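Scroll down for the structure; my scribbles are underneath it.
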Amino acid sequence: MKKKQKQKLLKQFRPSLDGIRTQLFRSLEEESLRRYGLPLQVMLDPKNRHVLTIGLAGQANEDTRINVPIDDNFTAVLKRIRSGESTIFERFRDNLLIEIVSYWNDQRMKKDQPTAQPVATPVTNEAPVKEAPSKEVDKVETASQPVSEEVKTDGQASDENASTDALTFDDFAKQVAEYPKFSAEKTADAVVINETVKDDTRKLAEISMSAVNEFTIEKALERKYKVKLTLVPLIEQFAATPINER
């Protein structure tokens, strides 16, 4: 088969962005119900396909809805998922779900109403111990900070997984530069993500260059709701890359 024919065939079988987006929405609904018992309904606004509408299934109350504009960053992540980038789907979905539940709980607390809490996983005789996580493990899995890979008895296996998602500094800096006014600078000790606003430079995050999975997210980035949903997973991936592969 000629190269052009092969590329055309692969393109035809590659899922569309609409299909990936629908898969993401359904996965969000399933995980929300499984983890928090929260029956979310995630969809595009029928009147504006550039707005993501998140509400409770079966309820048309405007007070329970969240409307999030869909920008180029959201589309960029869908394209990364379509390209087959490892773990990006799960990381993006989980970060988005955390933000949704956090917002939902904040609104409920203001009205003195019950909030969504993690659903306890029942322990059965058939289930392995590691599939019955303690409260501490649940807390780690639902945090928006970096989540380490699954604990393994063989350290070498963990290293192999880390290498699979290795991200060099050049690739990382290139992806950071896709955000308007953002840049990544490397020093001997750390990689710093900055934002240039007029004549001022504001630090958004810092990743250690001496330790794996060690980084800090500044408040300036925390306040950027839409940006951090895509940038934080990228920071996590770079922070998890072994130092000698960056």
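The values are calculated or read from the model by the stated rules, or taken from the named source; none is laboratory data. Bear in mind the structure is a predicted one, so any value in this text is a computation, not a measurement. Here the Cβ is made from the backbone with ideal geometry for all residues, glycine too, and neighbour counts use every protein chain on show. Just so you know, the surface numbers come from the protein's heavy atoms only, side chains and all, with ligands and any DNA or RNA stripped out. Shrake-Rupley method; radii C 1.70, N 1.55, O 1.52, S 1.80 Å.
Pairs needed: first member in the stretch 214-236, under 17 Å from Leu97 (Cβ atoms); second member anywhere, acidic (Asp, Glu); C-beta distance under 8 Å; at least 6 residues apart or different chains.
Listed pairs, sorted by first residue: Tyr225/Glu99; Lys226/Asp71; Lys228/Glu222; Leu229/Glu99.
What tally of residues in the stretch 169-181 results from selecting those that are buried (at least 16 other Cβ atoms within 10 Å of the Cβ) and without any contact (Cβ under 8 Å) to a residue 60 or more places away in the chain?
Of the residues in the stretch 169-181, 3 are buried (at least 16 other Cβ atoms within 10 Å of the Cβ) and without any contact (Cβ under 8 Å) to a residue 60 or more places away in the chain.
Within the stretch 71-113, count every residue that is of a type outside the set (Gly, Ala, Ser), assigned to a loop (DSSP other than H, G, I, E, B) and open to solvent by 60 Å² or more (accessible area, probe 1.4 Å). Step through it out loud before you land on a result.
So in the stretch 71-113, the residues of a type outside the set (Gly, Ala, Ser) come out as 71-75, 77-82, 85, 87-101, 103-113.
With the extra rule that they be assigned to a loop (DSSP other than H, G, I, E, B), the set shrinks to 71, 85, 87, 111-113.
With open to solvent by 60 Å² or more (accessible area, probe 1.4 Å) added as a condition, the list becomes 111-113.
The total comes to 3.
Out of the residues in the stretch 182-202 that are aliphatic (A, V, I, L, M) and modelled with pLDDT of 90 or more, which is surrounded by the most Cβ atoms within 10 Å (Cβ to Cβ)?
If we filter the stretch 182-202 for residues that are aliphatic (A, V, I, L, M), which is where we start, we get 184, 188, 190-193, 197.
From what's left, modelled with pLDDT of 90 or more: 184, 190-193.
Numbers: Ala184: 22, Ala190: 17, Val191: 22, Val192: 17, Ile193: 26.
The extreme case among them is Ile193.
Of all the residues that make up the stretch 25-70, how many are under 21 Å from Lys228 (Cα atoms), among the hydroxyl-bearing types (Ser, Thr, Tyr) and either buried (at least 19 other Cβ atoms within 10 Å of the Cβ) or modelled with pLDDT under 85 (or both)?
Summing the residues that are under 21 Å from Lys228 (Cα atoms), among the hydroxyl-bearing types (Ser, Thr, Tyr) and either buried (at least 19 other Cβ atoms within 10 Å of the Cβ) or modelled with pLDDT under 85 (or both) in the stretch 25-70 gives 1.
Assigned to a helix (DSSP H, G or I) and either open to solvent by 60 Å² or more (accessible area, probe 1.4 Å) or over 26 Å from Val68 (Cβ atoms) (or both): is that true of Asn244 in this structure? Quick ask: steps written out before the conclusion?
On the way: assigned to a helix (DSSP H, G or I): yes; either open to solvent by 60 Å² or more (accessible area, probe 1.4 Å) or over 26 Å from Val68 (Cβ atoms) (or both): yes.
Considered against the rule, which asks whether it is assigned to a helix (DSSP H, G or I) and either open to solvent by 60 Å² or more (accessible area, probe 1.4 Å) or over 26 Å from Val68 (Cβ atoms) (or both), Asn244 comes out as yes.
Would you check if Tyr179 is among the aromatic types (Phe, Trp, Tyr), at pLDDT 50 or above and touching a helix residue (DSSP H, G or I) at 6+ places or on another chain (Cβ under 8 Å)?
Numbers: among the aromatic types (Phe, Trp, Tyr): yes; at pLDDT 50 or above: yes; touching a helix residue (DSSP H, G or I) at 6+ places or on another chain (Cβ under 8 Å): yes.
So Tyr179 fits the description; yes.
Ser148 fails exactly one of the following numbered conditions: (1) out of contact with any strand residue (DSSP E or B) (no Cβ under 6 Å at 6 or more places or on another chain); (2) modelled with pLDDT of 90 or more. What is the number of that condition?
Result: Ser148 passes all but (2).
Run Asn161 past the list (1) at pLDDT 50 or above; (2) of a type outside the set (Val, Ile, Thr); (3) open to solvent by less than 70 Å² (accessible area, probe 1.4 Å); (4) assigned to a helix (DSSP H, G or I) and report the number of the one that doesn't hold.
The single condition Asn161 does not satisfy is (1).
Got a sec? Which of Ala166, Ala205, Ala220 is small (Gly, Ala, Ser) and either loosely packed, with under 15 Cβ neighbours inside 10 Å or part of a helix (DSSP H, G or I) (or both)?
Numbers: Ala166 fails: either loosely packed, with under 15 Cβ neighbours inside 10 Å or part of a helix (DSSP H, G or I) (or both); Ala205 fails: either loosely packed, with under 15 Cβ neighbours inside 10 Å or part of a helix (DSSP H, G or I) (or both).
Going through Ala166, Ala205, Ala220 in turn, the sole match is Ala220.
Quick one: Glu136 ticks every box in (1) outside any loop (DSSP other than H, G, I, E, B); (2) under 22 Å from the mean Cα position of the chain (by Cα); (3) at pLDDT 70 or above except a single one, so which number is it?
Unmet for Glu136, out of (1) outside any loop (DSSP other than H, G, I, E, B); (2) under 22 Å from the mean Cα position of the chain (by Cα); (3) at pLDDT 70 or above: (3).
Keeping to the stretch 223-241, report how many residues are of a type in the set (Phe, Trp, Tyr) and open to solvent by less than 10 Å² (accessible area, probe 1.4 Å).
Summing the residues that are of a type in the set (Phe, Trp, Tyr) and open to solvent by less than 10 Å² (accessible area, probe 1.4 Å) in the stretch 223-241 gives 1.
Kindly indicate the residue of the stretch 1-24 that is at pLDDT 85 or above and among the polar types (S, T, N, Q) and also farthest from Asp71 (Cα to Cα) among those meeting that condition.
Selected residue: Gln23.
So Leu229 passes all but one of these: (1) at pLDDT below 85; (2) touching a helix residue (DSSP H, G or I) at 6+ places or on another chain (Cβ under 9 Å); (3) farther than 30 Å from Ile66 by Cα. Which condition number does it fail?
All conditions pass for Leu229, except number (3).
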